[in-house]
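Contents: one structure, followed by commentary.
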Amino acid sequence: LRVQELPLRGSEVPKSSAVAAFIGSSPIGLVQERTRREQVRWMSLLHLDAMRPQQMVDAALLPLIQVVYPDASTRELQRELDYLAEHGLLAIAEEGGLWRLKLTHQGIDLVQYTTPCPPGIGRPVSPK
C-alpha cells in the first residue's frame with residue numbers, strides 16, 4: 001500500500017507559517033514596499049519644507065501622507081521620520097506624545113536640490 005502525496009493548494013497553507021510568508025513575498029511586493037518608504041520620506045521632507053520656518057508635528061503630517069497612502073499609520077510615519085533624523089535631515093523633539101519636527105540645513109539643501117540625494121529617499125530627478 002502506497003501513500004500518495006497530494007500537493008497543497010495555496011489556500012491550504014497555514015497563513016501563520018513561515019512557508020506562507022515566504023510564498024507570499026514576491027519581488028514585486030518588495031519593490032512596492034521600498035518605493036512606498038522612499039516616497040513617504042520624500043513627501044515628509046517636502047511638507048516640512050513648506051512649513052518653514054514653522055515646525056510641524058507628526059499628527060499634522062500624517063493626514064498629508066494619507067492623501068497618497070490612505071492606510072499609512074502613525075507608527076509607519078514615525079519609522080520613516082526616524083530614518084530621516086538618523087541621516088541628519090530633520091530634528092525630532094518629543095512633547096506630550098507628539099513629535100515636533102524641523103528640517104535641518106541638510107534637509108533644506110536636499111529639498112532644494114543643492115546636495116546629492118542619499119539612497120533610500122524617493123526624490124525625483126532634478127527639475128531643469
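Some observations on this one:
- Residue ID - nearest to ILE121 (Cα to Cα), chosen from residues in the range 80-90 that are open to solvent by 50 Å² or more (accessible area, probe 1.4 Å) and of a type outside the set (Ser, Thr, Tyr): HIS87
- Only one of the numbered conditions (1) under 17 Å from the mean Cα position of the chain (by Cα); (2) surrounded by fewer than 16 Cβ atoms within 10 Å (Cβ to Cβ) is not met by LEU77, and that is (2).
- Of the residues screened, LEU98 is not one that is open to solvent by less than 60 Å² (accessible area, probe 1.4 Å) and among the aliphatic types (A, V, I, L, M).
- Boolean, SER11 is open to solvent by 80 Å² or more (accessible area, probe 1.4 Å), at pLDDT below 80 and part of a helix (DSSP H, G or I): yes
- Condition check for LEU62: at pLDDT 95 or above and either of a type in the set (Asp, Glu) or within 22 Å of ILE121 (Cβ to Cβ) (or both): yes
- So SER17, is it exposed (fewer than 15 other Cβ atoms within 10 Å of the Cβ) and at pLDDT below 95: yes
- Selection over the range 101-128 of residues that are touching a strand residue (DSSP E or B) at 6+ places or on another chain (Cβ under 6 Å) and either of a type in the set (Gly, Ala, Ser) or open to solvent by 60 Å² or more (accessible area, probe 1.4 Å) (or both) gives a count of 2.
- Helices (runs of 4 or more DSSP H) lying entirely in the range 44-128 (those with 2 or more residues that are under 19 Å from GLN32 (Cα atoms)): 58-66, 74-86
The values are calculated or read from the model by the stated rules, or taken from the named source; none is laboratory data. Since this is a predicted model, take the numbers as computed values, not measurements. Virtual Cβ from ideal backbone geometry, glycine too; neighbours counted across all protein chains shown. Note: accessible area is taken over every heavy atom of the protein model, side chains too, but ligands, DNA and RNA are not part of it. Shrake-Rupley method; radii C 1.70, N 1.55, O 1.52, S 1.80 Å.
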